[in-house]
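Student: Below you will find the structure I want to go over with you.
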Amino acid sequence: MNYQKMTIMDMSEKDPEKLFKEANTLAHQYQEEYNSFVTILDTFDMTDGKTKLRGIPYALKDNIATKGILTTASSNILKDYVPVFDATVYKKLKESGAVLVGKTVLDELAMGGTGTTGHTGIVKNPWDKTRQIGGSSAGSAAAVALGIVPFSIGSDTGDSIRKPAAYGGIVGFKPTYGLVSRYGLFPFASSLDHVGCFTRSVKDAAIVTDIIKGYDENDMTSLKDDGKCYESTIEQDIHGRKLFYIKEICDKNLYQGKSEILSVLDSFYDNLKKLEEIGFEIEPVSIDKDLLMALYPTYMAITCAEATSNDSNLTGISFGIRGEGKNIQEMIMDARTKGFSELIKRRFVLGSYILQRENQEKLFLNAQRIRHMIVDKINTLFQEFDGMIMPSFGSLPPKFEDSSDRLSEEYLLLENHLCIGNFGGFPSISIPSGFLNNLPLSINLTGRCKEDDLVLNMAYYMEKTFGYQGIVAGGEDHV
Amino acid sequence: MYKAVIGLEVHCELKTQSKNFSSGENSYSRYPNTNLSPVDLAFPGILPVLNKEGVKKALKMSLAFHCDVPDVLTFDRKNYFYPDLPKGYQITQIRKPVGTNGYVMIHVDGEEKKILIHDTHLEEDTASLDHFGNYSLIDYNRCGVPLLETVTEPCIHSSKEAVAFLETLRNMFLYMDTSDARGDMGQIRCDVNVSLMKEDDTELGTRVEMKNINSFNNVKAAIECEIKRQTEILKNGGTIVQETRRFDDVDMCTYPMRKKEDAIDYKYFPEPNIPPIKIDKDWLARIEEEIPVLPYERCQNYMKEYGLSRYDATNLVKEKEIAEYFEQTIKEGSDPKMASNWITSVILGYLNKEEISIRELFLTPKMLTELISMVEKGSISSKQGKEVLFKSLEQEKDPKSIVQEEGLSQIGNDEEIKAIVMEVFGENPKAKEQYLAGRTNIVDFMVGQVMKKTRGRANPSITMKMIKEEMER
């Protein structure tokens, strides 16, 4: 079997060193064209773990601390930073026997959804090099979509795993907030940050999550061990499971004349029918459109506010590149002026403005209120429904030349609903669901907190129904 | 005339094994940057883990301040850039601190006064900076050490009250072993707000803040010179500017630092990495049970129950160990006043002279009680008692054996003395005759003879009485 198409299960029993060599060769081979990696590791280094991940090559997003290995967060301010400790997720993977192949490119400091703002250059979509793979976990998505590694680790604050997974035709899973420790993840917005994985099958996502989850005494927001094995419950019966989708976002009447969106929605509704045939019950529900329109501004207000504080440690004083100046203020200012790109500075300015005493009530506290309103609404729906099913995106991945900041209505709604999963800490997974113009389509499933097992279980049958498990960019699966 | 209105913010480092949000060791080290964890240096990806011991000690203090304790504790971030703050923010408590609306009773000039506590909250200390010619060095050892900030209402009206409050507060920390509260090590520091108002006014004047004053003497001096400065401005028809001033302890003056317009907006917001912490009611009850009787209460008890003077009572409660020594001495059976006298007039002086603590004292409360009882019974004189006490401390022997070994115990027994007196009369058959002939000083000679025979152990007054009786018989 071709290495690039192998899932984790296919790789078990294979020689770990040979697998690493395959991964390493491919990583180098694709690097110039797609730019998935900040660092490619050329030395095979495996701890003899006794798990299903023993000997499996994987990639880590470059905002996850790896002791002794450069970790840049794709930012100039950390371009030479080598951590002194291991992130918990990396430690767990190391102990499981998984073999690190490289550290992947992200949007600078995980802020952004384009994969174009890393300090080492843009990441390209393996299905179409003129298009974005999305971000911020751009390199982790590309590495799995290209078949370099069967799984990779990313972080997700708004949709940073699930959106690039969707654009890349692979599975992206963001578990319940606190299921996977954030210790060692360079923070973007702590209350929304999640660690999760990219794979080419739902079952692989369960296998990886089984390894990386668990209580961590270094992370006060981490959940107590649930004692479950997600892989073992993945095939449970889903008959009668109830799902909803949001009418105000998926209604075709909203997108008259926009053929691409309409085609995406056609595929979505076709898939819903297929799911009904295998036993799911699916209904549209209505959510106040004003509330939905507030998703993106709310997300921006909270993330910018938290980010401006979280990244205040990047001063070049106790680590990083020391700035120049006559006094300490000037040195800090110089390091930060040179170290961050304009986009990042813009977010910091926004965040500071939002947190200012005179703006807190109107901007920051209102954003928190809206966050709660949305989460309350979804939780109410989750009393009746087992999950929310939505298209992962409404438009195909943007082309590099025509990406814009325009805030049109469809941009606000179809492209920005995934942050609901972060607002509520809900487990949420994107699965490839079809093709349009030779580019993968994707469906997203979001479930109740701490029911990651059920989400994976339902996603497993969806994947089976859609039939796009294990697709690799450029392969003959291109439909 | 003007009345001073003073508010204090007292920062005190709590005594814990590790830091407030990391596993870094919380201990003083003269070697810079040795008590550190990656969390203290704010490396990317670190997360705070709240120290339960720090919370416990903070809650204990909050309860001792009679504060309201919330059901749930929350933490917030205070954001500002400064090289002593590696995260770029300090984790503190704004919304639900460990305590609000409390009070502390103090004694000032023989009067009692209630100092109102606005709140007390748990936060983390910063790194320490040493400035040299054209460079500065950072020592992160102190960074992240648990700090309890206690904020009073503006209810203090003199430097004397301020210092009395600070001393009481420090004593409370020491009594509860929640801090060593040593000013010389920066473990207790104080921000002082001073404003003036006309005696009959109801509105507070403009306040001036002085930050980070590290000794009680300097607090006193800073308040006094600020009152003087502001009084002069107001007398001359001027107005006070709201500002932060720096107190210089070399020339004992305050200097402008920052105007109100330049005040930093700390952009407080909830710390997302520490979920709200529910306080278990049983746990809180157990913490409350651990609070010892505090100095103010003990002082009241000593005056009321034992009839001690405020002066002596205050001296006894200054240190918990001394108060406990005193109480144990009473438990062993000593009269409270006697015990107080011996401790305040003899033992405390000795401790001072030798620069040791009462814990290191050889003499136990039981031994002291025995000594007191020997004096009370008259088996030794109080002068001898003191000598025995010092010998006991010097030789590390209990007083009883010293008295025995040196044959010091007085003969107070009438029969025994009588026998010796008769012996002396037998040896000096002419004594009575001479006495009756008017040579009354022969009595002293006879007493001297008895003392000689008993090596000074015979009770002198009994001996004297018996000799006179015998002469006049």
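Student: Looking only at segment B:446-473, how many residues end up being in a helix (DSSP H, G or I) and closer than 27 Å to B:Q404 by Cα?
Tutor: Going through segment B:446-473 one residue at a time, the tally reaches 17.
Student: Restricting to segment B:135-149, give me the number of residues that are of a type in the set (A, V, I, L, M) and closer than 22 Å to B:Q93 by Cα.
Tutor: Here the count works out to 3.
Student: Then there's this: Out of the residues in segment A:1-29 that are of a type in the set (D, E, K, R) and out of contact with any helix residue (DSSP H, G or I) (no Cβ under 7 Å at 6 or more places or on another chain), state the one that is modelled with the lowest pLDDT.
Tutor: Going through the qualifying residues, I end up with A:E13.
Student: For segment A:75-105, name all the residues that are of a type in the set (A, V, I, L, M, F, W, C), away from every other protein chain (no Cβ under 13 Å), under 21 Å from A:D156 (Cα atoms) and not in a strand (DSSP E or B).
Tutor: A:L93, A:V105
Student: Considering only segment A:252-270, how many residues are of a type in the set (A, V, I, L, M, F, W, C) and free of Cβ contacts under 8 Å to residues at least 60 places away in the same chain? Give the derivation first.
Tutor: Residues of segment A:252-270 of a type in the set (A, V, I, L, M, F, W, C): A:254, A:261-262, A:264-265, A:268.
Retained after the next criterion (residues that are free of Cβ contacts under 8 Å to residues at least 60 places away in the same chain): A:262.
Looking only at that region, the number is 1.
Student: May I pose another question? Tell me yes or no: at least one residue of segment A:415-427 is among the aliphatic types (A, V, I, L, M), under 25 Å from A:S191 (Cβ atoms), buried (at least 21 other Cβ atoms within 10 Å of the Cβ) and not assigned by TED's automatic domain parsing to the domain that holds A:C229. Walk me through how you get there before you give the answer.
Tutor: First, pick out the residues of segment A:415-427 that are among the aliphatic types (A, V, I, L, M): A:418, A:420.
If we keep only those that are under 25 Å from A:S191 (Cβ atoms) too, we end up with A:418, A:420.
Now restrict to residues that are buried (at least 21 other Cβ atoms within 10 Å of the Cβ): A:418, A:420.
Pick out the ones that are also not assigned by TED's automatic domain parsing to the domain that holds A:C229 and you get none.
Looking through segment A:415-427, none of the residues is among the aliphatic types (A, V, I, L, M), under 25 Å from A:S191 (Cβ atoms), buried (at least 21 other Cβ atoms within 10 Å of the Cβ) and not assigned by TED's automatic domain parsing to the domain that holds A:C229.
Student: So which of B:D109, B:D191 is surrounded by 14 or more Cβ atoms within 10 Å (Cβ to Cβ) and among the charged types (D, E, K, R)?
Tutor: Exactly one residue qualifies, and that residue is B:D191.
Student: Continuing with this model, one more query. Quick one: in segment A:247-263, of everything that is among the hydrophobic types (A, V, I, L, M, F, W, C) and more than 25 Å from A:L381 (Cα to Cα), which residue is nearest to the chain's Cα centre (by Cα)?
Tutor: So the residue we want is A:I261.
Student: Specify which of the listed residues (B:Y140, B:Y135) is surrounded by fewer than 18 Cβ atoms within 10 Å (Cβ to Cβ), among the aromatic types (F, W, Y) and assigned by TED's automatic domain parsing to the domain that holds B:P32. Don't jump to the end; show me each part of the working.
Tutor: Numbers: B:Y140 fails: surrounded by fewer than 18 Cβ atoms within 10 Å (Cβ to Cβ).
Being surrounded by fewer than 18 Cβ atoms within 10 Å (Cβ to Cβ), among the aromatic types (F, W, Y) and assigned by TED's automatic domain parsing to the domain that holds B:P32 holds for just one of B:Y140, B:Y135, which is B:Y135.
Student: Kindly indicate whether A:T209 is surrounded by 21 or more Cβ atoms within 10 Å (Cβ to Cβ), within 20 Å of A:Q469 (Cβ to Cβ) and out of contact with any Asp or Glu (no Cβ under 7 Å at 6 or more places or on another chain).
Tutor: no
Student: Applying the selection to segment B:77-94, what residues are crowded, with 21+ Cβ neighbours inside 10 Å and facing chain A (nearest Cβ under 8 Å)?
Tutor: Listed by number, the residues that qualify are B:R77, B:N79, B:P86, B:K87, B:G88, B:Y89.
Student: Still on this model: Hey, among B:E423, B:E433, B:E394, which residue is surrounded by fewer than 17 Cβ atoms within 10 Å (Cβ to Cβ) and either part of a loop (DSSP other than H, G, I, E, B) or assigned by TED's automatic domain parsing to the domain that holds B:E360 (or both)?
Tutor: B:E394 is the lone residue from the list that is surrounded by fewer than 17 Cβ atoms within 10 Å (Cβ to Cβ) and either part of a loop (DSSP other than H, G, I, E, B) or assigned by TED's automatic domain parsing to the domain that holds B:E360 (or both).
Student: Being of a type in the set (A, V, I, L, M) and surrounded by fewer than 17 Cβ atoms within 10 Å (Cβ to Cβ) narrows it down to one of A:L365, A:L355, A:L350, so name that one.
Tutor: On the way: A:L355 fails: surrounded by fewer than 17 Cβ atoms within 10 Å (Cβ to Cβ); A:L350 fails: surrounded by fewer than 17 Cβ atoms within 10 Å (Cβ to Cβ).
Result of the check over A:L365, A:L355, A:L350: A:L365.
Student: Any residue in segment B:116-135 that is within 23 Å of B:L169 (Cβ to Cβ) sitting within a Cβ distance under 7 Å of a residue that is buried (at least 23 other Cβ atoms within 10 Å of the Cβ) and hydroxyl-bearing (S, T, Y)? List the pairs, counting only those 6 or more apart or interchain.
Tutor: Going by the 7 Å Cβ cut-off, the qualifying pairs are B:L116/B:T152; B:I117/B:T150; B:I117/B:T152; B:H118/B:T152; B:T120/B:S62; B:T120/B:T150.
Student: Could you say which residue among A:T72, A:T116 is out of contact with any Lys or Arg (no Cβ under 6 Å at 6 or more places or on another chain), part of a loop (DSSP other than H, G, I, E, B) and more than 20 Å from A:F44 (Cβ to Cβ)?
Tutor: None of the others qualify; the one that does is A:T116.
Student: Would you kindly identify the strands (runs of 3 or more DSSP E) lying entirely within segment B:45-122 that contain at least 1 residues that are under 21 Å from B:H157 (Cβ atoms) and out of contact with any Gly (no Cβ under 6 Å at 6 or more places or on another chain)?
Tutor: Once the strands (runs of 3 or more DSSP E) in segment B:45-122 are filtered for at least 1 residues that are under 21 Å from B:H157 (Cβ atoms) and out of contact with any Gly (no Cβ under 6 Å at 6 or more places or on another chain), what remains is B:99-108.
Student: To continue, here is another question. Listed residues A:T72, A:T66; which is without any contact (Cβ under 8 Å) to a residue 40 or more places away in the chain, closer than 21 Å to A:F319 by Cβ and within 14 Å of chain B (Cβ to nearest Cβ)?
Tutor: A:T66 is the lone residue from the list that is without any contact (Cβ under 8 Å) to a residue 40 or more places away in the chain, closer than 21 Å to A:F319 by Cβ and within 14 Å of chain B (Cβ to nearest Cβ).
Student: Taking segment B:274-309 as the search range and keeping residues that are in a loop (DSSP other than H, G, I, E, B) and within 20 Å of B:P70 (Cα to Cα), which one is nearest to the chain's Cα centre (by Cα)?
Tutor: B:I291
Student: Inspect segment B:239-262 for any residue being within 30 Å of B:F21 (Cβ to Cβ) and within 14 Å of chain A (Cβ to nearest Cβ) and give the result as yes or no. Can you show your working first?
Tutor: At the first step, the residues of segment B:239-262 found to be within 30 Å of B:F21 (Cβ to Cβ) are B:244, B:246, B:257-258, B:262.
Remaining after also requiring within 14 Å of chain A (Cβ to nearest Cβ): B:262.
Yes; the residues of segment B:239-262 include at least one that is within 30 Å of B:F21 (Cβ to Cβ) and within 14 Å of chain A (Cβ to nearest Cβ).
Student: Here is a further query. Which one of B:L363, B:L371, B:L348 is part of a helix (DSSP H, G or I), in contact with a helix residue (DSSP H, G or I) (Cβ under 7 Å, 6 or more places away or on another chain) and over 22 Å from B:I462 (Cβ atoms)?
Tutor: Just one listed residue meets the conditions, B:L348.
Student: Here is a follow-up. Within 30 Å of A:F364 (Cα to Cα) and modelled with pLDDT under 95, is that true of A:Q329?
Tutor: The answer is yes for A:Q329.
Student: Kindly establish whether A:F382 is at pLDDT 95 or above and within 10 Å of chain B (Cβ to nearest Cβ).
Tutor: Numbers: at pLDDT 95 or above: yes; within 10 Å of chain B (Cβ to nearest Cβ): no.
Here the answer is no, as A:F382 does not meet what is asked.
Student: Of the residues B:K15, B:K57, B:K19, only one is surrounded by fewer than 23 Cβ atoms within 10 Å (Cβ to Cβ) and either assigned by TED's automatic domain parsing to the domain that holds B:S136 or at pLDDT below 95 (or both); which?
Tutor: B:K15 is the lone residue from the list that is surrounded by fewer than 23 Cβ atoms within 10 Å (Cβ to Cβ) and either assigned by TED's automatic domain parsing to the domain that holds B:S136 or at pLDDT below 95 (or both).
Student: A follow-up question, please. For segment B:165-193, give me each residue that is over 11 Å from the mean Cα position of the chain (by Cα), part of a helix (DSSP H, G or I) and aliphatic (A, V, I, L, M).
Tutor: B:M185 - this is the single residue of segment B:165-193 that is over 11 Å from the mean Cα position of the chain (by Cα), part of a helix (DSSP H, G or I) and aliphatic (A, V, I, L, M).
Student: Does segment A:301-314 hold any residues that are facing another protein chain (nearest Cβ under 7 Å) and in contact (Cβ under 8 Å) with a residue 12 or more places away in the chain, and which are they? Let's see the steps before the verdict.
Tutor: Restricting attention to segment A:301-314, the residues satisfying the condition of being facing another protein chain (nearest Cβ under 7 Å) are A:305-306, A:309, A:312-313.
Scanning segment A:301-314 gives A:A305, A:E306, A:S309.
The values are calculated or read from the model by the stated rules, or taken from the named source; none is laboratory data. Since the structure is predicted, the reported quantities are computational estimates derived from the model, not experimental observations. All Cβ positions, even for glycine, are placed from backbone atoms using ideal geometry, and neighbour counts span all protein chains on display.
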